[in-house]
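Reviewing the structure listed below.
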Amino acid sequence: MLLSGVLVAVGAAAANAFGSVLQRSASRHHDPAAGRRRAVLDLLRRPAWTAGIAGHVVGFALQAAALTLAPISMVQPIVITELPFTLVLSAVVLHTPMGRRAWAAIAAMALGLGLLLFCLVPSGGDPATTSGVAWLVGSAAVVVVLAVLTILGRGGRGRRRALWFGLGAGVTYGYNAALLAGLAPAYSHGLLGVLTTWQTYGVLVGGTVSFVFLQQALQSGDLLWAQPGITLANPLVALIWGFAVFGERVPLDAWALGGLAGAAGIAAGTVVLSRIESVAVEIDVRPPPAPA
């Protein structure tokens, strides 16, 4: 079952990456001077944009399925492979350049992820048996962190604003994954079970909050500082929830050191790739030059 969860999580990352590339393809020639309403209507008329939205929906569904098959501490680190998937697909579909630095970062992420999954195999832990008090305390901690990041983001400018709001988006993504893991037992009770579980409405609220944080980060104008927080805070928060709230366990031995080394490789590769990816985004969305 763990292997199935890993494979489904990889599928979720690939679907999200495919959706991002399709939406970028649709918007790469968008004129930033156009009004927001006109821009949205123009994008909605483009098949690539709607197909990109469908890709994200599929990715969300696959992530939810993966969380029913494997622990959250295993699924979320895999989901961040969306970043290298996006870069590779952008190179193929949008013909954006990929140099040795990008391939080295992808290799570091792949090796780090493999080492992490090999060394840290969590056991125990069950969101279905997590007490209401644990959910309340964990959720309250997330709200406090998001409040602090909001204050810092509103008080910051440029890079600092991008960093704080990017971290806020990543924290919310990780919390949403915890909610999805808590929602998993309700699937066996059908639609009624899903609709009567509080985590369902928590995901709706969390999705809205994450969207707001993401937009604030993107509007700061410095993706180079926003993307690492968005990408790395997600699995970090999920790991904290898995171990501190759901009760997942890993042995504290030499294997744990290998897992930490793998996590360091993922973090280093993510920071390098996110900077390359942010530059690629700025190139792709730049409008074509006016004819002479």
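Some observations on this one:
- Among the residues of segment 262-285, those that are in a helix (DSSP H, G or I) and modelled with pLDDT under 75 comprise Ser274, Arg275, Ile276, Glu277, Ser278, Val279, Ala280, Val281, Glu282, Ile283, Asp284.
- Contacts under 7 angstrom Cβ, first residue in segment 174-199 being closer than 22 Å to Val245 by Cβ and in contact (Cβ under 8 Å) with a residue 12 or more places away in the chain, partner among the hydroxyl-bearing types (Ser, Thr, Tyr) and part of a helix (DSSP H, G or I), 6 or more apart: Asn176/Ser210; Leu183/Thr200; Ala184/Thr68; Tyr187/Thr68
- Pairing residues of segment 110-133 that are surrounded by 18 or more Cβ atoms within 10 Å (Cβ to Cβ) with residues that are of a type in the set (Phe, Trp, Tyr) and assigned to a helix (DSSP H, G or I), at Cβ distances under 6 Å and at least 6 apart in sequence or on separate chains, gives Cys119/Trp255.
- Segment 65-106: number of residues that are more than 30 Å from Ser188 (Cα to Cα) and of a type in the set (Ser, Thr, Tyr): 3
- Being assigned by TED's automatic domain parsing to the domain that holds Ala181 and either in contact with a Phe, Trp or Tyr (Cβ under 7 Å, 6 or more places away or on another chain) or not β-branched (Val, Ile, Thr) (or both) is true of Trp241.
- Against the numbered list (1) crowded, with 24+ Cβ neighbours inside 10 Å; (2) under 20 Å from Gly114 (Cα atoms), Ala256 comes up short only at (1).
- Among the candidates Val92, Val148, residue that is farther than 23 Å from Pro71 by Cα, under 21 Å from the mean Cα position of the chain (by Cα) and without any contact (Cβ under 8 Å) to a residue 24 or more places away in the chain: Val148
- Elements of the type helices (runs of 4 or more DSSP H) sitting completely within segment 146-261 and holding at least 3 residues that are at pLDDT below 85 and under 29 Å from Ser123 (Cα atoms): these cover 223-240.
- Annotation for segment 152-169: at least one member residue is within 17 Å of Gly202 (Cα to Cα) and not assigned by TED's automatic domain parsing to the domain that holds Ala64.
- Only a single item in (1) surrounded by fewer than 20 Cβ atoms within 10 Å (Cβ to Cβ); (2) closer than 19 Å to Leu239 by Cβ is not met by Val92, and it is number (2).
- From the list Ser123, Ser90, Ser73, Ser131, the lone residue that is small (Gly, Ala, Ser) and in contact with a Pro (Cβ under 7 Å, 6 or more places away or on another chain) is Ser73.
The values are calculated or read from the model by the stated rules, or taken from the named source; none is laboratory data. Here the structure is a predicted model, which means the values were calculated and not measured. Note: ideal-geometry Cβ built from the backbone for every residue, glycine included; neighbour counts use all protein chains shown.
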